[in-house]
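Have a look at the structure below before the remarks.
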Amino acid sequence: MLLDACKKYPMPGRRLLTFEYILIDGFNSSTRDRGKIAALLKISAVKLNLIVFNEFPGSPFKSPPQKDVAAFQQTLINIITLPCFEKVKAVTFSPPADN
């Protein structure tokens, strides 16, 4: 339903619909996950921010190994036709600071 709405959303000018995908080791970074996200994003020209989970003390989640991140990224580049040279971007984030 959400992807159907995205397909119909009129993006102005040269702007692209942007999706963000956070890679978490053992949760959504497998070969199967690569194919699933690629299939979902073949809806039209989109921008994908591929975000590598940034580990922090006490978190049960882990960052995937760099080789897995590179493989995930390459799979998406090979499958999804994204305009521009910045096809997939890997960035990290940190949890909010304790106040």
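We did not get these values from a lab; they are worked out from the coordinates using the rules stated. Here the structure is a predicted model, which means the values were calculated and not measured. Here the Cβ is made from the backbone with ideal geometry for all residues, glycine too, and neighbour counts use every protein chain on show.
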Item checked: Selection count where residues are out of contact with any Lys or Arg (no Cβ under 8 Å at 6 or more places or on another chain) and among the hydroxyl-bearing types (Ser, Thr, Tyr), scope region 1-27 -> 2
Checklist line | Cβ-Cβ under 8 Å pairs, at least 6 apart or on other chains, region 1-19 side in contact (Cβ under 8 Å) with a residue 40 or more places away in the chain, far side assigned to a helix (DSSP H, G or I) | finding: Leu3/Leu40
